[in-house]
Amino acid sequence: MKVSVVIPAYNEEKFITKCLKSVTSQIIPADEIIVVNNNSTDKTEAIAKKFGVRIVHEKKQGMTPARNRGFNSAKYEIIARCDADTVVPKNWIKIIKKNFEKGHTDALTGPVFFNDSEILKSTSTFPSHLAWKSFRLISKGRNYLIGPNMSLTKNIWEKVKDIVNLDDKKVHEDMDLSLKIAKVHGKIKFDPALIVGISARRLKKHPESFFLEYPIRVVKTLMANKK
């Protein structure tokens, strides 16, 4: 079983080095690592090239187009995705492979914690657990994939890639993908041992978006999929 890692990136020169150091230092290495350059104007691509990863380009701006480009470019049967500001543990690929080797899983996710905030810095995964459980509650028990820490089979991606919502302003791309997987009767697993660190930069810079825009888009995501 081989794993392709996909990392969407737009002007991530301040964060992508730590991300790639963690992804390329795995106990069990990934079989390919893809950085999707989504029109970066900084040194993102130059930094990525130093790590010897595969670079693909997506001209349409946005997380969803960049993610889709990476997923469609992936060669192998398991596609793992993290964000460019994610730092994964050394056993990340090992845990991912172990879960999929057990079978009966189409997609996999795990909790995250903020690793760069003096106020929020903690190894506690409580916020992501709370968000995950809240989504399950309002979506009638469905599991969802947490964007910076998700994996899925190439097979399930082929089933949903033409029905995912392409508008980042209307949906949370990870939640929308999760609901599309549920629509084709795919199984999403949550492994509490699959933990990664993420940056709190967006929350610190735009707290109003997190507490206002974020929940509004959750409702939009559910409504879009209800239709």
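What follows is calculated from the coordinates using simple rules that are stated; it is not laboratory data. Just so you know, these numbers come straight off a predicted model, no measurement behind them.
Computed values, structure above
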{"read-out": "Reference-scaled alpha-carbon Rg (2.2 N^0.38 Å with N residues) for region 11-112", "value": "1.07"}
{"read-out": "Cα-Cα over 27 Å, subset of K161/K187; K21/K159; K75/K102", "value": "K21/K159"}
{"read-out": "Bins of 5 Å from zero: percent of alpha-carbon pairs in region 1-70", "value": "3, 18, 30, 26, 15, 6, 1, 0"}
{"read-out": "Calculated from backbone phi, Karplus (6.51, -1.76, 1.60) coupling profile of region 89-103 in Hz, x at Gly/Pro", "value": "x, 5, 9, 4, 5, 4, 5, 4, 4, 4, 5, 6, 5, 6, x"}
